[in-house]
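What follows is a short report on a single structure.
Each value in this text was obtained by applying a stated rule to the coordinates, not by laboratory testing. Everything quoted here is computed from the prediction, not taken from an experiment. Counting neighbours? That spans all protein chains shown, and the Cβs are built from the backbone with ideal geometry, glycine included.
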Amino acid sequence: MQRFNQEKRRQGEHTILDAYLSRRIVGCVVAQWLKLVLASWRLRLIRQAFRPQGSHVSLWPVMRHDWFASMRGTDAVSNLMWIMLFDAVLREIPRQATGLYAHENQAWERALIRRTTSRADSSLRQTASSCDPVSVSWTAHLAPVSMI
């Protein structure tokens, strides 16, 4: 990586996201995860929201696992970790008007888009995925995400 970054002007700077992992970030992730667990407990009657109005069919049995994984499980922890790591990187690198990333439909992409576009003067452009013919370049304009 150091050898690759020797030509920053020509190639740009590259880093590994895990290099920003610290005790502080892990502590923040645990604190945010505990808030999510508490919020999910307060939403214990959420299963009613999975029944379309006027219907006797409940989608809760189909969506239950995903909902709990997103609110309490490894998906929740993983997503919080991505957000905290991207925040750490974005605090350190210079502000840029435009950034590029390879669109691969990975879970971390949403966190990157949210964190990058929450900076007032920046936009993020994806490159078209070679395996997704529908994908085209676009500029993300999402509202900043707020932590619980």
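Note that region 76-93 has calculated 3J(HN,Hα) couplings of 4, 5, 4, 5, 4, 5, 4, 4, 5, 5, 5, 4, 5, 5, 5, 5, 8, 7 Hz, one per residue in order, obtained from phi through the Karplus relation 6.51 cos²θ - 1.76 cosθ + 1.60 (θ = phi - 60°); glycine and proline are x. Remark: Trp33, Trp60, Trp41 ranked as Trp41, Trp60, Trp33, counting other beta-carbon atoms within 10 Å and listing the fewest first. Out of region 45-102, which trypsin sites (Lys or Arg not before Pro) are coil in DSSP terms and have no more than 10 other C-beta atoms within 10 Å? Those satisfying the criteria are Arg95.
Which of the GluC sites (Glu not before Pro) across region 47-110 are loop residues per DSSP, with 16 or fewer other Cβ within 10 Å? Sites meeting the loop and neighbour criteria: Glu104.
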